[in-house]
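Right, one structure below, let's go through it.
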Amino acid sequence: MNNKLKPRRPLKEKHYWEEWTGRIYTSICVVFLIVVMFSIVYFVASKGLSTFFQNGVSISEFLGGKTWNPTGEPAFYGALPFITGSFITTLLAALIASPLGLCAALFMTEIVPGKGKKILQPAIELLSGIPSVVYGFIGLSVIVPLLRSIFGGTGVGIAAGCLVLAVMILPTVTSIMADALSALPKGLRESSYALGATRWQTIYRVIIPTTLPALLTGVVLGMARAFGEALAVQMVIGNAPHVPTSLLESASTLTSVITLSMGNTTMGSVHNNALWSMALVLLVMTFVFVILVRLLERRNRV
Amino acid sequence: MKAKTVDKIATSVIVVLALFIVILLLGLLGFIMFRGIGHINWHFLTSAPQLLKGGGGIGPQLFNSVFLLVLTLIVTIPLGWGGGIYMAEYAKPGKITSFIRLVVEVLSSFPSIVIGLFGLLLLVNQFGLGFSLISGALALAIFNLPLMVRTTEQAFRAVPKEQKEAGLALGLSKWKIITSILLPVALPSLITGTILASGRIFGEAAALMFTAGMSSPPLDFTDWNPTSPRSPLNPFRPAETLAVHIWKVNSEGIGPDSKEVAAGASAVLVILVLAFNLSARWIGRVVFRRMTASK
């Protein structure tokens with residue numbers, strides 16, 4: 001329509017080129033993202049699966065075997081100790097961080113809105129800004145000696161790992177929960193107060209049930225972070241390759257084993273490939289967490 | 001029990017736990033500063049680390065961290081801002097867009113160690129870049145891109161619709177509207193987002209262990225020729241960053257003062273990350289004032 005009105009050719013041509021540079025440039029950026037995502041999946045999966053298809057380690061041995069002795073004769077490639085280690089630390093960290101995060105979020109939105117946000121919001125942001133190696137350092141110099149003096153033993157282990165992780169995921173959990181709570185329509189809250197309910201009754205009977213899927217999203221994202229965290233956990237967990245029987249016993253996670261062993265093995269060896277299989281487990285768990293978040297978001301919309 | 005009593009108990013529990021978080025943070029920061037700040041002096045900040053005897057510093061590591069950050073931003077800014085602009089301005093709601101959104105979400109939830117391993121496989125081995133600054137910068141770019149795309153998209157979506165409509169009314173092309181009307185308005189939030197991401201890059205270690213490497217060659221700070229192997233500016237040399245150094249000193253430090261080095265280096269790292277966070281807010285405000293007529 002425009003070109004019929006204005007037959008000025010040069011301007012139209014300029015527009016044409018401008019339009020296409022923008023479109024092509026931004027599309028390339030997005031295509032790059034997609035290519036990167038798929039190549040990560042492809043490369044990690046092809047390396048991780050070659051343990052099973054080329055080296056002949058059975059999947060059931062890898063996922064269910066309790067012995068990890070890749071240098072022994074015969075070699076054992078059971079990753080169960082690390083898988084359980086990862087799951088236990090992640091679950092415990094979420095168990096500690098979720099109530100704390102929920103309380104912080106309720107404090108910011110329900111109890112002292114405004115002022116509470118002014119105190120807690122910067123604190124949460126600062127907590128999330130502290131790098132993970134510093135959390136590991138603090139864990140090593142505060143939590144481990146503390147656990148050692150209270151419970152005896154070495155102090156390193158699952159307990160130290162999940163305490164460090166709980167603090168690390170606290171900002172993620174809190175900020176998502178606070179967002180969920182403040183997005184709640186005002187009317188719900190007010191009608192509950194109008195019925196004569198106390199604040200706790202309102203929180204417990206109205207606010208938490210209505211925002212539950214969104215609150216759980218915070219927990220799941222926190223767990224995703226905890227599951228993939230490598231260095232802080234590696235520093236405090238002790239890194240012993242057996243299935244832990246107590247919280248104070250030295251243990252390992254998938255990430256801590258990869259961190260420690262990847263540099264010492266030669267590319268292409270069975271030991272090395274088994275480490276890639278663990279990376280593949282991490283990758284698969286990432287997808288599980290993303291799917292969980294998506295499901296929760298769908299629940300939330302209804 | 002009366003409902004009012006329960007209410008009081010619940011409220012005090014929530015308040016106590018919320019304050020506990022604040023105390024926890026103050027305790028953490030206080031601990032890092034208390035333990036570390038005594039070891040920070042000019043010698044510590046500039047000299048090279050000592051492996052076996054005491055008295056080593058963090059000079060090369062500090063330089064590597066800053067240099068790596070610059071390299072990463074050179075890669076991330078054009079790609080991240082471009083991707084964000086696509087999502088905010090070009091993407092139409094539909095299957096493709098929601099697929100891209102899924103990709104961004106998945107990419108941002110990949111553990112950093114997986115991205116480090118991918119870098120090891122593709123950049124270090126396949127492309128033959130070796131343990132180098134450039135491998136590290138590319139891996140960090142992957143780690144950082146999804147976040148950048150998201151903040152850029154939000155920044156562009158936050159621009160008032162009237163601004164765009166005014167551009168359309170003038171008969172400008174879409175790209176012209178983006179670059180000369182929307183970008184200046186979105187710039188303050190873009191800069192804030194970028195600096196906040198920089199803080200994250202600065203503290204990242206797991207993705208760098210397998211890409212930038214865990215050692216630094218002896219650097220000659222008088223040699224500024226980027227192609228010479230001992231030059232600090234050479235992007236193809238291995239580089240241990242501050243965060244990786246802290247990890248290494250803590251987990252395999254054998255020097256007599258490794259605890260002190262770890263404490264001092266942690267304090268430096270935290271101070272720098274805090275400086276990033278504070279400056280992000282400040283610069284964002286200043287640029288906003290410059291770019292708009294508001295006071």
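Bear in mind that the values in this text are calculations on the coordinates, not laboratory data. As the structure is a computational prediction, the values presented were derived from the model and not from experiment. With ideal geometry, Cβ positions are generated from the backbone for all residues, glycine too; neighbour counts draw on all protein chains shown.
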Projected onto the charge dipole of the protein assembly as shown (unit charges on the beta-carbon of Lys, Arg, Asp and Glu, signs +1, +1, -1, -1), the Cα from A:PRO209, A:LEU120, B:PRO93 with the largest positive-side position is that of B:PRO93
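Kindly put B:LYS8, A:LYS47, B:LYS259 in sequence by how many other C-beta atoms sit within 10 Å of each C-beta, fewest to most. Provide the component values of the computation, followed by the final result.
Details: B:LYS8 14, A:LYS47 21, B:LYS259 17.
So the ranking, lowest neighbour count to highest, is B:LYS8, B:LYS259, A:LYS47.
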Quick note on A:THR210, A:THR172, ordering by fewest other C-beta atoms within 10 Å, gives A:THR210, A:THR172
Amide proton proximity set for A:ASN69, modelled H, under 5 Å, gap of 5+ | A:PHE76, A:TYR77, A:GLY78
Quick one: grab Rg to one decimal and Dmax as a whole number for segment A:40-165, Cα atoms only, in Å.
-> 20.7, 65
Can you check what the net charge comes to around A:ILE203, using other residues whose Cβ is under 10 Å from the Cβ of A:ILE203 (Lys, Arg +1; Asp, Glu -1)?
-> +1
Dipole magnitude of the protein assembly as shown, debye to nearest 20 (Cβ charges: Lys/Arg +1, Asp/Glu -1, about Cα centre) | 2500
Ranking B:GLY167, B:VAL249, B:PRO218 by how far each Cα lies towards the positive end of the charge dipole of chain B (+1 on Lys and Arg Cβ, -1 on Asp and Glu Cβ), the top one is B:GLY167
Quick one: if the Förster radius is 30 Å, what FRET efficiency do A:ILE119 and A:PHE151 give, using the C-beta to C-beta distance and rounding to 0.05?
-> 0.35
Selection from B:VAL66, B:GLY56, B:GLY116, by position along the positive dipole direction of segment B:54-173 (Cβ) = B:GLY116
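Could you tell me how many cubic angstrom of Cα convex hull volume segment B:40-292 has per residue?
Details: hull volume 37.6 nm³, N = 253.
Enclosed volume per residue, from the Cα hull, is 149 Å³.
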Nearest-0.05 FRET efficiency for A:ILE208 and B:PHE20, computed from C-beta distance (R0 22 Å) = 0.65
Convex hull around the C-alpha positions of segment B:159-208: the volume in Å³ per residue is 86
Neighbour net charge for B:GLY84 - beta-carbon separation under 14 angstrom, K R +1, D E -1 = +1
Choice from A:ILE158, A:ILE28, A:ILE258 showing the highest fluctuation, given a GNM over chain A with Cα pairs closer than 10 Å | A:ILE28
Once you sort the root eigenvalues of the Cα gyration tensor of chain A as a ≥ b ≥ c, which label holds: rounded (a/c under 1.5), prolate (a/b larger than b/c) or oblate (the other case)?
-> oblate
Report the charge-dipole magnitude of chain B in Debye, nearest 20, computed about the Cα centre from +1 at each Lys and Arg Cβ and -1 at each Asp and Glu Cβ.
-> 1120
Highest GNM mean-square fluctuation among B:LEU190, B:LEU26, B:LEU71, for chain B with Cα springs under 10 Å, belongs to B:LEU26
Residue with peak Gaussian network fluctuation, chain B [Cα springs, cutoff 10 Å], from B:PRO60, B:PRO49, B:PRO218 = B:PRO218
Hey, for a label at A:PHE76 modelled as a point 7 Å past Cα toward Cβ, could you say which residues of segment A:239-274 have their backbone N under 14 Å away?
-> A:241-244
Dividing the alpha-carbon radius of gyration of segment A:172-223 by 2.2 N^0.38 Å, where N counts its residues, gives 1.20
Difference of contour (0.36 nm per residue) and Cα-Cα distance, A:THR265 to A:TRP17 | 84.0 nm
Dimensionless Rg/Rh of segment B:1-147, both radii on Cα and Rh by Kirkwood, sits at 1.16
Beyond 21 Å between alpha-carbons counts as too far, so tell me which of B:LYS95/B:LYS164; A:LYS118/B:LYS161; A:LYS117/B:LYS2; A:LYS14/B:LYS174; B:LYS92/B:LYS174 fall in that bin.
-> B:LYS95/B:LYS164; A:LYS118/B:LYS161; A:LYS117/B:LYS2
Inter-part gap, Cα centre of segment A:242-257 to Cα centre of segment A:161-239, in whole angstrom, is 27
Pop a pseudo-label 7 angstrom from the Cα along the beta-carbon direction at both B:SER12 and B:ILE74 and give the gap in nm to one decimal.
-> 6.1
Size of charge dipole - segment A:175-302 - debye, nearest 20, with Cβ of Lys, Arg +1 and Asp, Glu -1, no other charges = 600
Given N residues in the protein assembly as shown, what is Rg(Cα) / (2.2 N^0.38 Å)?
-> 1.03
Would you mind ranking A:THR211, A:THR266 so that the residue whose beta carbon has the fewest other beta carbons within 10 Å leads the list?
-> A:THR266, A:THR211
By the scheme Lys and Arg +1, Asp and Glu -1, what is the net charge of all other residues having a beta-carbon under 15 Å from that of B:SER266?
-> 0
Taking the protein assembly as shown and counting helices only, DSSP H stretches of n ≥ 4 at -39,500 (n - 2.57) each over all residues, the nearest-500 ellipticity at 222 nm comes to -23000 deg cm²/dmol
First check a/c for segment B:1-71, with a ≥ b ≥ c the square roots of the eigenvalues of its C-alpha gyration tensor; if it is under 1.5, answer rounded, and if not, answer prolate when a/b is larger than b/c or oblate otherwise.
-> prolate
